[in-house]
Amino acid sequence: MDETKIRVAQSNEIGKVAAMMTVAFSGDPFMRWMYPEADAFIAHFPKFVEAFGGAAFGQDAAFVDESFGGACMWFPPGTEVDDETLGQHVVQTVAPERLAEIGEVFQQMQEHHVDEEVWYLPMIGVDAKFQGRGIGALLMNSVLAKTDEMGIPTYLESSNPANIPFYKRLGYEAIGKIQLSDDTPLLTPMYRANR
């Protein structure tokens, strides 16, 4: 694993990254709440990935490992989600009865976002075939080394409670929770001060 290299993902690889993220997030509690049927998830999640995290590609802040087993998309300060494209995609692809709740979740995500310059992590994923090999930690540590050098903290929302210990080992602290009710999945906003 030590020899695995992390590199910047090229803009023409966004479709490949989105496909890998689709495999990685196939069991994610929040994403499967959004797209509970397998056919809808497979059909619509790749475009969700592109709309939600695609701005990272224009900032040279999307990264993959050389085996393409994992990827992460980061937003440096000043980079924003394409809300219009994301909103249109969600409205067109999510069950109408779920749209109001999803809108509320996105609103709470904005409210929890820290009010300082941070590197924001919209998405990180590792293909199920490659999980357990340390690729996620390698991806994260390669970027955290850079943000620490720059003196900039980082922020994310974990959409899977099973990943909280992983982020804590990297120095993140939970700073709140986003959950509409006991019947909806939990998102955990997490912050890591620069070191």
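Values quoted throughout were computed directly from the atomic coordinates according to the rules given, and no laboratory measurement underlies them. This structure is a prediction, so every number in the text was calculated from the model and none was measured. Because the Cβ atoms are built from the backbone with ideal geometry, glycine has one as well, and the counts that use them run over all protein chains shown.
Say each of Thr79 and Leu180 gets a label point 7 Å from the Cα, pointing the same way as Cα to Cβ; how far apart are those two points in nm?
Result: 2.9 nm between the two label points.
Compute the length gained on full extension between Ala145 and Glu111: take 0.36 nm times their separation in residues and subtract their Cα-Cα distance, giving the result in nm to one decimal.
Once the chain is fully extended between Ala145 and Glu111, it gains 9.5 nm.
Quick check on the chain: what does the Kirkwood estimate of hydrodynamic radius come out to from the alpha carbon pairs, in Å?
Averaging 1/r across every pair of different Cα atoms and inverting gives 16.9 Å.
Over the chain, with a Gaussian network built from C-alpha contacts below 10 Å, which listed residue (Thr154, Thr79, Thr22) shows the highest mean-square fluctuation?
Fluctuation is largest for Thr79.
Count the lysine pairs in the chain that are 8 or more places apart or on different chains: how many have C-alpha atoms under 16 angstrom apart?
Count of close lysine pairs: 4.
How big is region 63-120 by Rg and Dmax over its Cα atoms, in Å?
Rg then Dmax for region 63-120, in Å: 14.7, 41.
Normalising by the residue count of region 1-88, find the relative contact order in percent from Cα pairs under 8 Å and 6+ residues apart.
Relative contact order comes out at 37 percent.
Using Cα pairs closer than 8 Å and at least 6 residues apart in sequence, work out the relative contact order for region 95-195, in percent.
31
Calculate, in whole percent, how much of the Cα-Cα pair population of region 1-117 lies beyond 19 Å.
51
Can you tell me, using C-alpha contacts under 8 Å and at least 6 residues apart, the relative contact order of the chain as a whole percent?
The value is 24 percent.
Three principal axis extents, largest first, for the C-alpha atoms of region 99-163, in Å?
Largest first, region 99-163 extends 38, 34, 15 Å along its Cα principal axes.
If I take R0 = 22 Å and measure r between the Cβ atoms of Ile164 and Lys129 in this structure, what FRET efficiency does the formula 1/(1 + (r/R0)^6) give, to the nearest 0.05?
About 0.40, to the nearest 0.05.
Roughly speaking, what is the stretch gain from Ile42 to Glu104, that is 0.36 nm per residue apart minus the C-alpha to C-alpha distance, in nm to one decimal?
19.9 nm
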